[in-house]
Amino acid sequence: MTQVREHAQDVYIVAAQGHLFSAAVRHPSRNGWGLVTPPPPMPEIPAGSEVRVTGVAIHDDANPFNGPMAFGILLRSSSDVVVIANPSWLNVRNLTLIASLLLVLVVAVGARGWMLKRKVQQQTAELAAQKEAEAILERRRSRILEDINGTRPLGEILQQITELVSFRLDGAQCWCEVGDGLRLGSIPRDQCDLNIIRQEILSRSGPLHGILFAAVDQIASSAANAAEALSMGAWLATLAIETRGLYGDLVHRSEFDLLTDIYNRFSLERRLGVLIEEARQKLGSFGMIYIDLDDFKQVNDRFGHRVGDLYLQESALRMKRQLRPTDMLARIGGDEFALLLPNVRTHAEVEEVATRLERCFQGEFKLGGHILQGSASVGAALYPDDGETKDCLFSAADAAMYVSKKIKKETSQSFYRR
């Protein structure tokens, strides 16, 4: 069962048929010369070994007739204990050890499984967050593209682009400079500890549209993605600026006369419809003046179409100088113009403006090396006195213009050349 080395003896505890016995080997106190010598080593016998013990039984009671009694065995030496069979590996100690190892293994497997599960959960969460960020990024980019093709102001679109780049760079501050130093976005106050990265907003032709900036922490992970994010933002900014410029140009072309840069017939008729509706609801009035340049065909015939175009441009400029901010001048034909006068009440007010328009042609026209003397015939109409519809007002003003033209002397020469 076990063995114990004591000061005076070595003791083996042996179990036989359910009884415990002690087998002891006395240590000699002195050798043959009377010297104290250390006892020999005590052999190690694994607990659970089957042994044969040979020795003298020492009864605890000297009377052998008192029945069964306990006794111990006195051995001559440790060699009297002979191992017959080694202990079975299936014992309490080994089972305890195996159970401990299994427990450690189970704990290790459980810990590894928990770590793997946590890692998978973390990676899944990171992947989900990445997908969500990409989805938000795509939604924002799609919204910007929709606004580019819509009517949202360009400044607000550029602000959205800087916010998109900032989102792409984990909240890094981003701004842009466009036009004549206009700055939009989030501009950092202190830029000393930041890495300022810039990307030019290129144009397809001509000078740059501007520059896109991002203030990125030099040790942040977003610094590596700054170039890609800024490139995307610059592309969107170029698209927004040029698309809005193209849209503005198309709107301008649809509303203005390309030669004289005043409103065209389409814009005039639309504005005329609005004025009629407002005047009808408020019982108000407004005026219309029809202008026709006299003998314009002779200008083209004698001096060429280039001088004729210059004459039309100068005529439109002179007439614009006679108008109030609320008045609307439009070119409705080759040499025909029309003027809308909101907030006039009488024919006299309209005639006063018509007189100013006729007088503005009295000065010489110096065009392309030629000197021309021009004139114009005008006719006025007042809503609702002269008509309550577009056609009626146009007809009234046109008729008044022809009356004015007829009164002029046909023999007078409107143009001459030096």
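The values are calculated or read from the model by the stated rules, or taken from the named source; none is laboratory data. Every value quoted in this text rests on a predicted model; they were computed, and no experiment measured them. Backbone-built Cβ (ideal geometry, glycine too); neighbour counts: all protein chains shown.
Quick check on I211: is it modelled with pLDDT of 85 or more and part of a helix (DSSP H, G or I)?
No.
In the stretch 333-370, how many are within 49 Å of the chain's Cα centre (by Cα) and either among the aromatic types (F, W, Y) or surrounded by fewer than 18 Cβ atoms within 10 Å (Cβ to Cβ) (or both)?
Adding up the residues that qualify gives 1.
Here is a list of conditions, (1) among the aromatic types (F, W, Y); (2) free of Cβ contacts under 8 Å to residues at least 12 places away in the same chain; (3) assigned by TED's automatic domain parsing to the domain that holds G185, and W114 meets all of them except one; can you say which number that is?
(3)
Here is a yes/no grid of residues against (1) farther than 13 Å from A234 by Cβ; (2) out of contact with any His (no Cβ under 9 Å at 6 or more places or on another chain); (3) in a loop (DSSP other than H, G, I, E, B); (4) of a type outside the set (F, W, Y):
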{"residue": "L145", "(1), (2), (3), (4)": "yes, yes, no, yes"}
{"residue": "L158", "(1), (2), (3), (4)": "no, yes, no, yes"}
{"residue": "S166", "(1), (2), (3), (4)": "yes, yes, no, yes"}
{"residue": "C174", "(1), (2), (3), (4)": "no, yes, no, yes"}
{"residue": "P188", "(1), (2), (3), (4)": "yes, yes, yes, yes"}
{"residue": "I197", "(1), (2), (3), (4)": "no, yes, no, yes"}
{"residue": "S203", "(1), (2), (3), (4)": "no, no, yes, yes"}
{"residue": "G206", "(1), (2), (3), (4)": "yes, yes, yes, yes"}
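Considering only residues that are within 17 Å of V56 (Cα to Cα) and of a type in the set (V, I, T), look in the stretch 1-28 and name the one that is farthest from the chain's Cα centre (by Cα).
Filtering the stretch 1-28 for residues that are within 17 Å of V56 (Cα to Cα) and of a type in the set (V, I, T), the one farthest from the chain's Cα centre (by Cα) comes out as V25.
Going by what's in this entry, would S254 be described as free of Cβ contacts under 8 Å to residues at least 40 places away in the same chain, of a type in the set (S, T, N, Q) and outside any strand (DSSP E or B)? Show your work before the answer.
Details: free of Cβ contacts under 8 Å to residues at least 40 places away in the same chain: yes; of a type in the set (S, T, N, Q): yes; outside any strand (DSSP E or B): yes.
Taking the combined requirement at face value, the residue satisfies it.
Of the residues that sit in the stretch 370-390 and are over 18 Å from S404 (Cβ atoms) and part of a strand (DSSP E or B), which one is modelled with the highest pLDDT?
Ranking the candidates gives Y383 first.
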